[in-house]
Amino acid sequence: MQGIDTPNDCEPETPPCTWRGALAFGLVAAALVLGLIYLWFAVRNRAVVFLYYHNMGPVVPDTGPFSPVTRSRYWMTGLVAAGAVMVLHTVAQMLLGRLARSYVPPRWYQIWAVAAVPVAIGIPAITTTVNSPRLPLGLAALVLLITLVALALALQPGTLAARRPLDALLLGVDGMGLALWLTALPSLEELPRWIATGRLIWLRWLGVSLVLGLIGCLAGHSLRRLFRRPAPHLGQLVVAALCCGYLALPLAHHTFGTNGYFYISDMDNFFARAPWIQLGAWGLTLTLTWVYHVWSKRRAPAPS
């Protein structure tokens, strides 16, 4: 399955990618990730960042430092930090591609390989040694694993943004539409509680999110036809949905949706805790992605 950064995106005359640019971008990405992790775990008040003992009602009675909901906030930092890397890296690649037509962006895996080394050292060193409470090694390892996976996603839009910025923007529209399905479907886990408590307004919000997701896909397809751009690969759509749903939305929530407290969201805003519901949400979203890919490919105009 092809991702956003794929060999098909390289024109035949493109010179081989080198590691020189990857070194610079990788070190900057690692510095940003570690800087944010240090800010959240060592500098800021952890009771605010991770909402220790926050009253979340009878549904979540325990919000202590190592409760299930708080433990998820720790590894969600990896998604938020990678979201920041994704935004800045994509914009930087887009600008470099416009300023220098001969610019050759490094591959995402080259940048990731450079960034992974200091990140792998820095995250455990920070989270297990500074401030209080210090994370146990197993939880620190989970934070590191999620961060490395998220960073691999975050770096992928850069190549397309440098070479074909319009296609990257249109793919972002597709990805945001699919991301609404990706992050809304797990809330079906709460359906029995909504029915039992009469809070059916949340069911309406779920329906609205799914409809808006379809509208987002139709908007992406319409814009692509307007600008006469080819349909994206299935792998590009999958990666775009993951980037928008699991990186862009957690970053947006942290930046704009926390009433100025800039706390880290817990997993329940984006994932289901029941494995079968989460797997079902992924399966339904992947099915929609495939249907949209086939439909848009059949209706796509020839490239201009």
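The values are calculated or read from the model by the stated rules, or taken from the named source; none is laboratory data. Keep in mind that what you see is a predicted model, and the values were worked out from it rather than measured. No Cβ is skipped: glycine too gets one built from the backbone with ideal geometry, and neighbour counts run over all protein chains shown. What goes into the accessible areas is simple: the full protein's heavy atoms, side chains included, and nothing from ligands, DNA or RNA. Shrake-Rupley method; radii C 1.70, N 1.55, O 1.52, S 1.80 Å.
Annotations
- FRET efficiency, residue 103 to residue 149 (Cβ-Cβ, R0 41 Å, nearest 0.05): 0.90
- Hz values of 3J(HN,Hα) by residue in the stretch 210-217 - Karplus curve (6.51, -1.76, 1.60), Gly and Pro given as x: 5, 5, 5, x, 5, 4, x, 5
- Full extension of the segment from residue 166 to residue 287, taken as 0.36 nm per residue of separation minus the current Cα-Cα distance, would add 41.0 nm.
- In this simple spin-label approximation, residue 278 and residue 45 carry label points 7 Å from Cα along the Cα→Cβ vector, and these lie 3.1 nm apart.
- Net length available on complete extension from residue 139 to residue 23 is 38.9 nm, with 0.36 nm assigned per residue and the Cα-Cα distance removed.
- Calculated FRET efficiency for the pair residue 59/residue 92, C-beta based, R₀ 25 Å, to 0.05: 0.05
- Per-pair calculated FRET efficiency, R0 = 25 Å: residue 193 and residue 259 via Cβ, rounded to 0.05: 0.50
- Helical runs assigned H by DSSP (4 residues or longer) give the chain a calculated mean residue ellipticity at 222 nm of -21500 deg cm²/dmol, each run adding -39500 (n - 2.57) before division by the residue total.
- Computed from backbone phi with θ = phi - 60° and the Karplus coefficients 6.51, -1.76 and 1.60, the 3J(HN,Hα) list for the stretch 242-251 is 5, 5, 6, x, 9, 10, 5, 5, x, 5 Hz; x is used for glycine and proline.
- The phi-based Karplus calculation (6.51 cos²θ - 1.76 cosθ + 1.60; θ = phi - 60°) puts the 3J(HN,Hα) values of the stretch 147-158 at 5, 5, 5, 5, 5, 4, 5, 4, 8, 6, x, x Hz, whole numbers, x for Gly and Pro.
- Modelled spin labels at residue 212 and residue 225, positioned 7 Å past Cα toward Cβ, are 2.4 nm from each other.
- Between 61, 186, 157, the residue with the greatest mean-square fluctuation in the GNM of the chain (Cα pairs under 10 Å linked by springs) is 61.
- Seen from residue 290, the other residues with C-beta closer than 14 Å to its C-beta sum to a net charge of +1, counting Lys and Arg as +1 and Asp and Glu as -1.
- Within the stretch 234-272: backbone nitrogen closer than 18 Å to the residue 297 label point (7 Å, Cα to C-beta): 234-241
- Accessible surface of the stretch 197-304 [probe 1.4 Å, protein heavy atoms]: carbon and sulfur percent: 70 percent
- Around residue 245: net Lys/Arg minus Asp/Glu count, Cβ-Cβ under 15 Å: -2
- Summed over the residues of the chain and divided among them, the accessible surface reaches 48 Å² per residue at a probe radius of 1.4 Å.
- The chain - charge dipole about Cα centre, Lys and Arg +1 at Cβ, Asp and Glu -1, debye rounded to 20: 480 debye
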